[in-house]
1. In whole angstrom, note down how far apart the Cα centers of the range A:20-68 and the range A:176-233 are.
2. Using the alpha-carbon centroid of each, what span in Å lies between the range B:89-157 and the range A:237-301?
3. To the nearest 500 deg cm²/dmol, what mean residue ellipticity at 222 nm is calculated for the protein assembly as shown from DSSP H runs of n ≥ 4 alone, each contributing -39,500 (n - 2.57), summed and divided by the residues?
4. Using θ = phi - 60° and the Karplus relation 6.51 cos²θ - 1.76 cosθ + 1.60, list the HN-Hα couplings for the range B:79-91 in order, rounded to whole Hz, with x at every Gly or Pro.
5. Enumerate the residues in the range B:68-101 having an amide nitrogen under 16 Å from the point lying 7 Å beyond the Cα of B:Thr216 toward its Cβ.
6. Once you sort the root eigenvalues of the Cα gyration tensor of the protein assembly as shown as a ≥ b ≥ c, which label holds: rounded (a/c under 1.5), prolate (a/b larger than b/c) or oblate (the other case)?
7. Of B:Glu340, B:Glu105, A:Glu38, how do they rank once you tally other Cβ atoms within 10 Å and put the fewest first?
8. Karplus couplings for the range B:191-202 from phi (6.51 cos²θ - 1.76 cosθ + 1.60, θ = phi - 60°), rounded to Hz, Gly and Pro as x?
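Any read-out appearing in this document is the output of simple, stated calculations on the displayed coordinates, not a laboratory observation. What you see is a predicted model, and the numbers here were worked out from it, not measured in a lab. In this analysis, Cβ positions are derived from the backbone assuming ideal geometry, glycine residues included, and neighbour counts consider all displayed protein chains.
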Amino acid sequence: MEVLLFAAAALRISVPYTLAALGASFSERGGVINIALEGIMLNGALAYVLGAYWTGNPWAGVAAALAAGVATAALHAAITVWLRADQITSGLGINLLAAGLTKFVLTQVFHSSSNSSRVIGLPDWNLFHLGDLPALGPVLTAPLVMVAVVAVLAGQGFLFRTVFGLRLRSVGEHPEAAATLGLSVAGYRTAGVLISGALAGLAGAWLASEQHSFTDGMTGGRGYIALAAMIVGKWTPFGAAAACLLFGIAEALQITLQGTGFPSELLQMLPYLVTMFALAGFIGRATPPRRLGVPYDPERA
Amino acid sequence: MSRRLQQTLLVAAAPLIAVALALVAGAVFIAAIGEDPFGVYGLMLSQTFGTGYGIGQTLFKATPLIFTGLAVALGFRAGLFNIGVEGQLYLGGFVAALVGFGWAELPPIHLLPLTLLAGAAAGALWGAIPGVLKARFGAHEVINTILLNFIAFALVSYLGYSVFEPATVRTSEIGPGAHLARLDIFWPSLRGSPANLALGLGLAAAAVIGVVLFRTRLGYELRAVGLNAPAAEYGGVSVGRVQVTAMALSGAVAGLGGCNYVQGYKHFFELGFSAGSGFLGIAVALLGRNHPVGVVIAALFFGALSYGGLAANQRVPKELVEVLQAIVILLTIGVQQVVERAARRLG
């Protein structure tokens, strides 16, 4: 039972990482670095709260989070793909923008710069009687958990087994070749970024729904960790999901060990250290998409 | 006007266009919440530059940004994106405070340089790690510096248990020998503002970095690596060595920046003291076009914006300033692309 409860906690923690990291694999396979995940997630979380607050319907919150995620990602795409500006700077700027904007909106709507009113969370879906399982039941019946599982499976197939996936990867590997074949490099790159925005928006909705409210800076760096997980997972949905589970386990362990005298800060560093080792090539070689981070300028190609 | 001059002017004007557009965007926000944009901007201006106290506050807010902006600019010049400035600043402030209160009895002639050096050394070490990982293993410095930020926060929280004052999140006071004097001692009109000699150190750092970048062999190599690493390698420059040096120097400047708060203001280290100054340094470097003079001017602008936002908090939420800062970043990189394309068409 203890083990199952621990597994449930780890699974629960890894949900937002998985959604955002899966999205990042789409953006980055298309050649666009998405450090804006953090800000997209934050905007998604606030949008969920606003949608649920104004309509009383959590699904309106999810729709709002999706819309906010896609809109924020569209800004990133406009700056990086269409204006061809630096992707990392754009991402960091968007994160700062989201941090400021969400607080600004909080002050206007809830008259507090730190937290919102309480809103309704997402209801359970007791499909296949999964809810009857001990300990894991409450996690497996959360709608966004199922969405995440399906999205990871579908995402892997989509990216590596469909024409769209092949083309998306081609604009990240060799945009000139893709353009020669008549593909719209900008179009596919934008699509990758927008998919990533939708998924990171959902990750924000999950956080807000779990907490039943929005608090200032509630993503707490999860967007960056999701990006790191995607890298550890070698730019694949399956790999990213596995890395997110690993990070979820580390974080659950940290919470379990709190109060036992074991320095939880050291465990807190674990995912970051693992990622640094992975990046240095100690855990197999991770090869990024060849043209990741490089704007594509047809005039100069 | 010659084409060449037109091009130069156009590109040089890009940051100004970006700032102007950002202020317009801010005005839309201010109007949207039912306030008068001109009134609010006027209030911010008079509160920051209209009084000695306001000027002092602006200088105080600008000081850490000079350090972090210089740190980011140094990295950029070598083609490296140091997002770890926040962590380097944080760790630098922490280590400086440790030395400052650990040897509190020492006279200023020893303690002051020792404390400053300790902060710089801690930052240099934290900056050198991603430099080595990049040079040795080809690991991208952006991700590593982000990760090292988180590790720095966790590390300081962990080490803090054993050094913080009971039931607080701050260290003991550093010895008086490590204090940096307030500027109002020399200019009484700044009275009450926390501006201190760290500003002078920041300006000196800008001057030194300017000389190093543009008048020394190291600076030449650094810029060569930033412009075209394979060409620099072919020209006999050890790219890896330059990358590690650049990241260590960048981290040192960032770590030194902690002195504004730790040695000039509070005289202790406190959890969360860096408060985003490191990230804002990226905006400062961008707007200042990675030139030491530009960085100082951009830092003053962002400092004025920070304090102006606080001063106008009665009428507009201070979060507006954060939104404005972000808009400046996004517009700066956007406008730069548009302007450079226009300039290319001219030529």
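1. 8 Å
2. 23 Å
3. Mean residue ellipticity, 222 nm, calculated: -24000 deg cm²/dmol.
4. x, 10, 9, 8, 8, x, 4, 4, x, 5, 5, 4, 5
5. B:71, B:74-75, B:77-78
6. Details: a/c = 1.41, a/b = 1.24, b/c = 1.13.
Rounded.
7. The most exposed by this proxy come first: B:Glu105, B:Glu340, A:Glu38.
8. Listing the rounded values in order: 2, x, 8, x, 4, 9, 5, 4, 4, x, 4, x Hz.
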